[in-house]
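Remarks on the structure that follows.
Each reported figure results from applying straightforward, stated rules to the coordinates on display, with no laboratory input. Worth saying up front: this structure is predicted, and the values here are computed from it rather than measured. We place every Cβ from the backbone using ideal geometry, glycine too, and count neighbours over all the protein chains shown.
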Amino acid sequence: MSHKYRIFQWFYTTLKVALRHSAKQQKPSSVTLADSPRKRFFYATSVFLVLMATITDLPASKLLAQDIPSQDLEAASFYQQGVMRYYRKDLQAAENAFRQALQRDPNLGIARNYLGSIMLQQNRLDAAVQEYTEAIRINPNLGEAYYNLGLTLHKQGQTEAAITAYRQALVIDPAMVAAQYNLGLALYEKGQKNEAVNAYKQAINLDSGNANAYFNLAIALQDQGRNTEAINAYHQSLQLNPNNAVAYNNIASLLAIQGQASLAIATYIEAIHHIPNDTAAYYNLGVTLYNQGDFKKAKVALKRALNQYREQGNIQQAVMVDQLIQQTTQMQRETQVGQALIPFPTQTHTNNVVQPVQQMPNQPETPLEPPVKRTYVPSLGQ
């Protein structure tokens, strides 16, 4: 029995077990965009996760050792036509070409990987799983196919099976950043927080410019109560993506929880400077100013939040903010007549910081498109 076949048999057996287990406990997919974060009355803090929804196609450097992907030149010609049409976004023509190539050479595993990517982009997830699994059967060392299979299973909500696939991709290619990153996300979704932290750190070691990896690392650290480390990770995320409104709000709310109100206020103001329509920042700024007894400035910030909530059609939040403005006005009057101030209640860490919601902050990334090698089939050329 060949080494490649043993690898495939191990993975296939593990995958079947994971799929059966996942089917029993399957929940709605956690990688679907959600339009609005969860809110709390005192701090509208939101945290959410990012799935790196990047399809990985086989790079030119990982084609077969020879230039021609198949000994059958007609199959190779159809394959190249499929590649060219794939990168021109003519997915139907690409699919037809790849299938013709496979009719000539059924062992063209690279073509199966591309077919899976076409199915995935068309949201034909079951078909994508079949194509990637077949690509792995043909070539058990095709790390990109394991990663793409993991991504597809992840989108189906089959997190345990996705973890298995991501890990196998990393066995073959330990430097695959997308697999390491998504492994962290999947582990977090399964409640394995320490493992998720380690996976995100590995992703950052591989790509220190990955803002989302720092962001998700901060979420995992925050969830463990490691607030100082979380703040540092959020700051790293903001250095790479200064327009991440949620990172600003989470930093400021954590600072407020730690009793560093002045720094929290400065952070909310910085958030508004970068994202002028950040409703949560106005609201949280107003709450923090209220807690500091600066009712005049608190009202200004809360009124901005109220107007924006109304524009968004968020009636429930608007009503709550309006009540808070009325309470602020009352407190301001009492202060003016010299009555004792009653501090606005500040919640504990658990209540102030909303627990992470399993969703992603950005649109899925476009597929990574490796350079197309156009020299190995003389009939088509450049």
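Between ALA93 and GLN330, what is the spin-label point distance in nm, taking each point 7 Å from the Cα along the Cα→C-beta axis?
In this crude spin-label approximation the distance works out to 7.0 nm.
Might you report the magnitude of the Cβ-based charge dipole of the range 57-157 about its Cα centre, with Lys and Arg at +1 and Asp and Glu at -1, to the nearest 20 debye?
240
Taking 0.36 nm per residue of sequence separation and subtracting the Cα-Cα distance, how much length would be gained by fully extending the chain between ASN194 and ASP72, in nm to one decimal?
Full-extension gain reported as 39.0 nm.
Could you give the length gained by full extension between GLN224 and LYS296, i.e. 0.36 nm per residue of separation minus their alpha carbon distance, to one decimal place?
Fully extending the segment from GLN224 to LYS296 adds 22.3 nm.
How large is the charge dipole for the range 135-247, taken about the Cα centre, if only the Cβ atoms of Lys, Arg (+1) and Asp, Glu (-1) carry charge, to the nearest 20 debye?
Computed charge dipole of the range 135-247: roughly 120 debye.
Which one of ASN123, GLN92, ILE136 is farthest out on the positive end of the charge dipole of the range 60-170, using unit charges on Cβ (Lys, Arg +1; Asp, Glu -1) and the Cα centre as origin?
ASN123
Taking 25 Å as R0, compute the FRET efficiency from the Cβ-Cβ separation of ASN205 and SER262 and round it to 0.05.
My answer for the efficiency is 0.10.
Given R₀ = 25 Å, what would the calculated FRET efficiency be for ALA175 paired with ASN241, taking r from the Cβ atoms and rounding to 0.05?
0.60
Near ARG226, within a Cβ-to-Cβ distance under 14 Å, what is the net charge of the other residues, with Lys and Arg +1 and Asp and Glu -1?
Here the count lands on 0.
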